[in-house]
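Contents: one structure, followed by commentary.
The values are calculated or read from the model by the stated rules, or taken from the named source; none is laboratory data. Remember, predicted model here, so these are calculated numbers, not experimental data. Virtual Cβ from ideal backbone geometry, glycine too; neighbours counted across all protein chains shown. All accessible areas refer to the heavy atoms of the entire protein, side chains included, with ligands and DNA or RNA removed. Shrake-Rupley method; radii C 1.70, N 1.55, O 1.52, S 1.80 Å.
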Amino acid sequence: TASALMIGLGLVVFVAVFGASAKASTSEVLDRTLKADFILTSPTLTGFSTAAAEDLRGIQDVETVSQVRQGEVHIKEGTSFVTGLDPTTFPEVSELGVNDGSLGELQSANTIAVFDDTAADNGWRVGDTITVEFPATGKVDLDVVALYSENGLIGDYAVSLDTFDANVAQQLDLFVLVRATEGADLSAVRADIETALKPYPNVEVLDQAEFRDKYATFINQILNLVTALLLFAVIIALFGVMNTLYLSIYERTRELGLLRAVGLTRRQTRSMVRWEAAIISVMGALLGVVIGIAFGWALQQALEPKGFTQLGIPGGQLAFYVVFAALLGVFFAIFPARRAAKLNVLDAISYE
């Protein structure tokens with residue numbers, strides 16, 4: 001009975017640990033690499049008009065405006081995403097950690113920069129040529145001109161905006177990174193940016209903290225849906241607790257009658273059954289927490305090369321799950337406890 005609850009709650013804890021790790025890793029990557037003061041994005045993290053960025057370039061105290069686009073491609077028979085960026089302005093607003101080649105070489109036609117772990121997995125080096133299949137233009141040979149170590153913002157592949165626009169039918173900015181001049185009043189700069197963006201109601205201006213929170217909210221929305229579905233497994237397991245208690249009462253009819261005969265009250269009988277349910281529920285919940293943390297840690301270690309560098313364990317949330325499971329176990333024990341308390345003492349003693 002406890003094992004069924006352990007599996008159900010273990011899955012819930014696994015998702016919680018994975019989500020906490022994803023949020024912690026995202027925050028750590030953004031803290032380490034993001035140098036922009038403001039980020040333009042859409043509420044749904046989808047593309048928006050490239051004209052929005054153009055309207056910011058003339059604002060006083062706005063030093064750098066760097067656009068970032070993203071599109072789906074096929075590389076080596078697998079689906080990937082390629083990011084379009086401006087190689088002259090992007091290093092001013094984000095750290096890429098280029099460790100081989102030069103990002104400036106992306107200004108040349110038909111060139112690409114690759115995340116170093118992805119390049120190592122495929123045996124690519126600077127100077128190699130890889131074939132990228134775009135939906136609009138088909139297969140295009142691109143020369144590798146740079147390898148970088150920070151893929152948190154742009155993913156595994158990056159090309160210049162010119163190369164991106166030449167091969168992608170619809171040009172939309174995924175986000176725009178804005179850096180103000182040193183010493184500028186950021187609140188005033190933000191007000192000017194928001195004024196310039198009034199013709200674009202689907203674009204919002206975020207600072208670094210708000211941008212991190214937005215990513216965390218987006219992750220939470222996905223995880224909450226998965227967690228809600230997994231909680232059904234926990235509810236089913238608690239029905240198992242109730243059925244087990246019913247069976248235990250049936251099999252211990254004579255023992256319960258003897259306890260009542262020597263002085264056990266109905267209230268004590270109900271309390272005994274409820275405590276039994278609580279013990280089963282807590283034992284299953286604790287084992288589920290341990291297993292969930294173990295599998296969450298294993299997944300985080302496996303995804304560390306993909307950017308999941310931080311292990312997050314939501315202690316308060318896990319404690320809530322244990323207490324919640326215990327309370328639900330007691331709730332599901334109400335009917336078996338009432339049945340045990342209502343047993344006729346003489347009939348129970350004579351039952352065999």
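Taking all protein chains as shown and a probe of 1.4 angstrom, R274 keeps an accessible surface of around 80 Å².
For segment 76-92, the Karplus equation 6.51 cos²θ - 1.76 cosθ + 1.60, evaluated at θ = phi - 60°, returns couplings of 6, 6, x, 7, 9, 10, 10, 9, x, 9, 9, x, 8, 9, 4, x, 7 Hz by residue, with Gly and Pro reported as x. With K and R counted +1 and D and E -1, the other residues having a Cβ less than 12 Å from that of F308 yield a net charge of 0. Computed from Cα positions, the angle between helix 208-251 and the longest principal axis of the chain comes to roughly 20 degrees. Rank T195, I249, F232 by how far each Cα sits towards the positive end of the charge dipole of segment 193-249 (+1 on Lys, Arg Cβ; -1 on Asp, Glu Cβ) and give me just the farthest. Towards the positive end, the residue furthest out is I249. For the listed peptides 26-38, 168-180, a ranking on the average number of other beta carbons within 10 Å per residue, highest first, reads 168-180, 26-38. Surface composition of the chain: carbon and sulfur make up 57 percent of the accessible area, probe 1.4 Å. Using a ≥ b ≥ c from the Cα gyration tensor of segment 19-73 (square roots of the eigenvalues), is it rounded, prolate or oblate, where a/c under 1.5 gives rounded and otherwise the larger of a/b and b/c decides, a/b for prolate? Because a/c hits 1.5 or more and a/b fails to exceed b/c, segment 19-73 counts as oblate. In a simple Cβ point-charge model (Lys, Arg +1; Asp, Glu -1; nothing else charged), segment 4-62 has a dipole of about 260 debye relative to its Cα centre.
The distance separating the Cα centre of segment 147-175 from that of segment 1-74 comes to 16 Å. Counting only alpha carbon atoms, the long axis of helix 2-33 and the longest principal axis of the chain meet at about 20°.
Taken about its Cα centre, the chain carries a charge dipole of roughly 3340 debye when the Cβ of each Lys and Arg holds +1 and the Cβ of each Asp and Glu holds -1. Here the chain yields Rg over Rh of 1.21, to two decimals, using C-alpha coordinates and the Kirkwood radius. Taking θ as phi - 60° and the Karplus parameters 6.51, -1.76 and 1.60, the scalar couplings of segment 152-162 work out to x, 8, 10, x, 8, 9, 9, 10, 6, 4, 5 Hz in sequence order, x denoting glycine and proline. Note that the chain presents 49 Å² accessible area per residue, ligands and nucleic acids not counted, probe 1.4 Å. Electrostatic bookkeeping for T181 treats Lys and Arg as +1 and Asp and Glu as -1; over the other residues with beta carbon under 15 Å from its beta carbon, the sum is -3.
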